[in-house]
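Visitor: Here it is: the structure, laid out below.
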Amino acid sequence: MSSAQVNGISLWSETLGASGSPVVMVHGSWGDHHNWDLVAPRLAETHTVLTYDRRGHSQSERPTSQGSIHEDVADLAALIETTGITPAHVIGNSAGAIISLRLAVDRPELIRTLVVHEPPLVGVIADDPALASIVQRFDEDASGALECLRAGDMAGGARRFVEDVAFGPGAWDQLPPQAQETFVTNAPTWLDEMRDADFLTLDLTTLESFDRPTLVTKGDASPPMFSPIADRVAEAISTASRHTFAGAGHVPHMTDPDDYVQRVSSFIA
């Protein structure tokens, strides 16, 4: 475990394993490096695995100024470079998948292989009339969570995000207390992210030149917006393979760790 100064802020990270090609895992919004606890130690049996808390999350520093997805990408690039693990297998989930995809655009030389699960790039489907109802549902559900957060109700906003946006009804009560606490602690950062106009969108044509092996995954039990987004991302990358985790949702590394480790290990091998 260590804390390093990266781009003017303190980022907390942990490295597991002592040999094998490097793996960097990028968590989504609301969470932290513990999101990977069920899979990182197993990947570390054959790889050097780096997990970290993104800026504004848990043990990393939370700047007081308005943040940007571009800062998250710069942090990831700097972390890879300063730890000397380039090129790395980069694995991202949810918002971490967006950050990983943007790294593929900005700094492809830092990536050995890329694995992304369900980036919430609502912007890439916003203009499709056939998906208008899905986008509208996301906007309404996200607005409900945002209203709670703006009113200072961090716990209520976290619950509404978990149940209405990411996982489904009843999911909040199934989370262990530590996970609920993490959601509440990191709620202000999600509010900050939603103020960033670039956070949930990406020009997919910028991915056309990315030529590293890529795996784009989704779960067949996820909320409906994630599947068409994942499909469009996969279509944009000529080297992309696809996989659907049967019976899994937005966080297969937490709900289906055996399946996740097997699939990711075989791909990056």
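Visitor: Starting from residues that are outside any helix (DSSP H, G or I) and either touching a strand residue (DSSP E or B) at 6+ places or on another chain (Cβ under 6 Å) or not acidic (Asp, Glu) (or both), keep the ones in region 146-159 and report whichever is surrounded by the most Cβ atoms within 10 Å (Cβ to Cβ). It would help to see each step written out before you state the result.
Guide: Restricting attention to region 146-159, the residues satisfying the condition of being outside any helix (DSSP H, G or I) are 151-153.
Imposing the further condition that a residue be either touching a strand residue (DSSP E or B) at 6+ places or on another chain (Cβ under 6 Å) or not acidic (Asp, Glu) (or both) reduces the set to 151-152.
On the way: ALA151: 10, GLY152: 8.
Going through the qualifying residues, I end up with ALA151.
Visitor: Among the residues of region 160-200, how many are open to solvent by 50 Å² or more (accessible area, probe 1.4 Å), of a type in the set (S, T, N, Q) and within 26 Å of SER65 (Cα to Cα)?
Guide: Looking only at that region, the number is 1.
Visitor: So, one more: Among the residues of region 204-219, how many are open to solvent by 20 Å² or more (accessible area, probe 1.4 Å) and more than 18 Å from the chain's Cα centre (by Cα)? Can you show your working first?
Guide: Initially, region 204-219 is screened for residues open to solvent by 20 Å² or more (accessible area, probe 1.4 Å), giving 204-206, 208-209, 211-213, 218.
Pick out the ones that are also more than 18 Å from the chain's Cα centre (by Cα) and you get 205-206, 208-209, 211-213.
Of the residues in that region, 7 qualify.
Visitor: While we're on this one: Say whether the condition of being more than 18 Å from ASP106 (Cβ to Cβ), assigned to a helix (DSSP H, G or I) and free of Cβ contacts under 8 Å to residues at least 12 places away in the same chain is met by at least one residue in region 183-197.
Guide: Within region 183-197 (the criterion being more than 18 Å from ASP106 (Cβ to Cβ), assigned to a helix (DSSP H, G or I) and free of Cβ contacts under 8 Å to residues at least 12 places away in the same chain), the answer is no, since none of the residues qualifies.
Visitor: Output the residue which, of all residues in region 239-254 that are open to solvent by 50 Å² or more (accessible area, probe 1.4 Å) and outside any loop (DSSP other than H, G, I, E, B), is modelled with the lowest pLDDT.
Guide: MET254
Visitor: Hey, another quick one. Only one of these is part of a strand (DSSP E or B), surrounded by fewer than 19 Cβ atoms within 10 Å (Cβ to Cβ) and not acidic (Asp, Glu): GLN66, GLN5. Name it.
Guide: Only one candidate qualifies: GLN5.
Visitor: While we're here: Condition first: surrounded by fewer than 21 Cβ atoms within 10 Å (Cβ to Cβ), at pLDDT 95 or above, within 20 Å of the chain's Cα centre (by Cα) and not β-branched (Val, Ile, Thr). Can you find one or more residues in region 46-54 that meet it? Give the derivation first.
Guide: Filtering region 46-54 for residues surrounded by fewer than 21 Cβ atoms within 10 Å (Cβ to Cβ) gives 46, 48.
Then drop every residue that is not at pLDDT 95 or above, which leaves 46, 48.
Next cut, within 20 Å of the chain's Cα centre (by Cα) only: 48.
When the remaining residues are screened for being not β-branched (Val, Ile, Thr), the result is none.
No; the residues of region 46-54 include none that is surrounded by fewer than 21 Cβ atoms within 10 Å (Cβ to Cβ), at pLDDT 95 or above, within 20 Å of the chain's Cα centre (by Cα) and not β-branched (Val, Ile, Thr).
Visitor: Another question, if that's okay. For region 14-31, how many residues meet the condition of being under 29 Å from PRO177 (Cα atoms) and open to solvent by 10 Å² or more (accessible area, probe 1.4 Å)?
Guide: Final tally of qualifying residues: 5.
The values are calculated or read from the model by the stated rules, or taken from the named source; none is laboratory data. What you are looking at is a predicted structure, and each value in this text was computed from that prediction instead of being measured. Reconstructed Cβ throughout: ideal geometry from the backbone, glycine too, with neighbour counts over all protein chains shown. SASA here: full protein model, heavy atoms, side chains in, ligands and nucleic acids out. Shrake-Rupley method; radii C 1.70, N 1.55, O 1.52, S 1.80 Å.
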